[in-house]
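Novice: First, the structure itself, so that you have it in front of you.
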Amino acid sequence: MTKNNICELLSIKYPIIQAGMVWVSGAKLAAASANAGILGVVGAGSMSPELLDLHLKKANLLTGNKKNLAVNVPLLYSKTKEQLEVSLNNGIRIFITSAGSPKTYTSWLKDQGAIVIHATSSPELALKCENAGVDAVIAEGFEAGGHNGRDEISTFALIPQVVDALSIPVIAAGGIADARGMAAALILGASAVQMGTRFVNTIESSAHQNFKEAILKASPSETMLMMKKYVPVRLLKNTFYDEIKNLEDQCATQEDLIKHLGHGRAKKGMLEGDLVHGELEIGQIAGMIKDIPSVHDLVHQIINDYSKLTLSKF
Ligand SMILES: Cc1cc2nc3c(=O)[nH]c(=O)nc-3n(C[C@H](O)[C@H](O)[C@H](O)COP(=O)(O)O)c2cc1C
């Protein structure tokens, strides 16, 4: 395989996106990814505009202002516009928006000369993204770590249906962590893949060491999609998960769930390493992850394996 259209669009050597992830993908991870020839994404979801500014300055420094740096902005926070402006002021030209309507900021971002990719979980929603004018969509199956669609469409079923419905490039996400998953997604018609769970367990991710080690021990059946009444999220099972499950089994309302959640559970779990009371967002593919490599080594392993599998070179 030679460079495809998405590689040109995103200024990347390999069609891989390191997912933007709350509490996990700061400057270090995004810069290491950009330097390894894939799209490095700073996850703005857990950052104030001021903190995002610091991370982007650091990422620019670590990469020498590479073009293949992007920001993921979930569209549900009150400071979304400031996050977008801070990113533009730091020279970011690639935006991955999620968790909101693609209509809200796409045309404004395009007017600023940006490339916009929106993350979605069904062919119907993907079509809305295309109609809103995005350059590409991320189609994320229900295997994925983090927040998720309510329709529970798995990656294998989702990708070909989104590819058939759209005329813009489709990036596959959810349950992809090695060359086999990448080859399967590209054969299904995706132009690139986005990996989240795999990049949580890299040296440069800011996930706490306790969280990384819990992933090494996780069995494939140890994640579950929870909180479908509120914000569906795939979690690693722990005491926090048990508490949510009990509440859901007792038909808790959205208000009950919000009250129990309180604030800062995701930070407590993923950044501070509280494996008991913290929220641990991770995908089904966690069961396959048995190491914590550097981003450089991980990307080169995937690309070498991909070349052997498919006899194609990038
Ligand atoms: C720890 C974690 C945090 C995440 N945070 C975000 C986020 O802030 N914004 C977002 O759009 N997606 C988020 N995601 C989803 C990823 O962007 C990605 O689409 C997903 O991880 C892909 O599936 P995989 O985990 O099976 O690789 C998160 C995923 C994980 C594992």
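Novice: Which condition number in (1) surrounded by 14 or more Cβ atoms within 10 Å (Cβ to Cβ); (2) under 20 Å from the mean Cα position of the chain (by Cα); (3) farther than 20 Å from ARG198 by Cβ is the one that ILE289 fails?
Specialist: (3)
Novice: Would you mention how many residues in segment 153-174 are within 14 Å of the ligand (Cβ to nearest atom) and surrounded by fewer than 24 Cβ atoms within 10 Å (Cβ to Cβ)?
Specialist: 3
Novice: Also, I was wondering about something else. Please identify the pairs in which a residue from segment 124-140 that is in contact (Cβ under 8 Å) with a residue 60 or more places away in the chain and assigned by TED's automatic domain parsing to the domain that holds ASP164 has its Cβ atom under 6 Å from the Cβ atom of a residue that is outside any strand (DSSP E or B) and among the β-branched types (Val, Ile, Thr), counting only partners at least 6 apart or on another chain.
Specialist: Pairs found: ALA136/ILE168.
Novice: Which residues, counting only those in segment 127-142, are over 21 Å from CYS7 (Cβ atoms) and either among the hydroxyl-bearing types (Ser, Thr, Tyr) or buried (at least 22 other Cβ atoms within 10 Å of the Cβ) (or both)?
Specialist: Here is the first cut: in segment 127-142, the residues over 21 Å from CYS7 (Cβ atoms) are 127-128, 131-133, 141-142.
Residues satisfying the conditions are GLY141, PHE142.
Novice: To continue, here is another question. Looking at this structure, is ALA207 under 20 Å from VAL24 (Cβ atoms) and touching a Phe, Trp or Tyr at 6+ places or on another chain (Cβ under 8 Å)?
Specialist: Numbers: under 20 Å from VAL24 (Cβ atoms): yes; touching a Phe, Trp or Tyr at 6+ places or on another chain (Cβ under 8 Å): yes.
So ALA207 fits the description; yes.
Novice: Looking only at segment 176-200, filter to residues that are surrounded by fewer than 24 Cβ atoms within 10 Å (Cβ to Cβ) and in a loop (DSSP other than H, G, I, E, B); which one of those is farthest from the ligand (Cβ to nearest atom)?
Specialist: GLY189
Novice: Only one of these conditions is not met by PHE211: (1) more than 19 Å from the chain's Cα centre (by Cα); (2) in a helix (DSSP H, G or I). Which number is it?
Specialist: (1)
Novice: Next question. State which residue pairs qualify: first residue touching a residue at least 60 places away in the same chain (Cβ under 8 Å) and assigned by TED's automatic domain parsing to the domain that holds SER121 and inside segment 159-178, second residue within 16 Å of the ligand (Cβ to nearest atom) and polar (S, T, N, Q) in any location, beta carbons under 6 Å apart, and separation of 6 or more residues or different chains.
Specialist: PRO169/SER191; ILE171/GLN194; ALA173/GLN194; GLY174/THR155; GLY175/THR155; GLY175/GLN284
Novice: When you look at ASP111, is it away from the ligand (no atom under 16 Å from the Cβ), buried (at least 16 other Cβ atoms within 10 Å of the Cβ) and of a type outside the set (A, V, I, L, M), yes or no?
Specialist: Details: away from the ligand (no atom under 16 Å from the Cβ): yes; buried (at least 16 other Cβ atoms within 10 Å of the Cβ): no; of a type outside the set (A, V, I, L, M): yes.
Taking the combined requirement at face value, the residue does not satisfy it.
Novice: Also, I was wondering about something else. When segment 156-194 is examined, which residues are found to be within 16 Å of ILE16 (Cα to Cα) and not hydrophobic (A, V, I, L, M, F, W, C)? Full working, then the answer.
Specialist: Within segment 156-194, the first condition is being within 16 Å of ILE16 (Cα to Cα), and the residues that meet it are 159, 169-194.
Within segment 156-194, PRO169, GLY174, GLY175, ASP178, ARG180, GLY181, GLY189, SER191, GLN194 meet the criteria.
Novice: It is to be established whether one or more residues within segment 230-242 are within 14 Å of the ligand (Cβ to nearest atom) and among the hydroxyl-bearing types (Ser, Thr, Tyr).
Specialist: no
The values are calculated or read from the model by the stated rules, or taken from the named source; none is laboratory data. Since we're looking at a predicted model, the values are computed, not measured. Cβ atoms come from the backbone with ideal geometry, glycine included; neighbour counts cover every protein chain shown.
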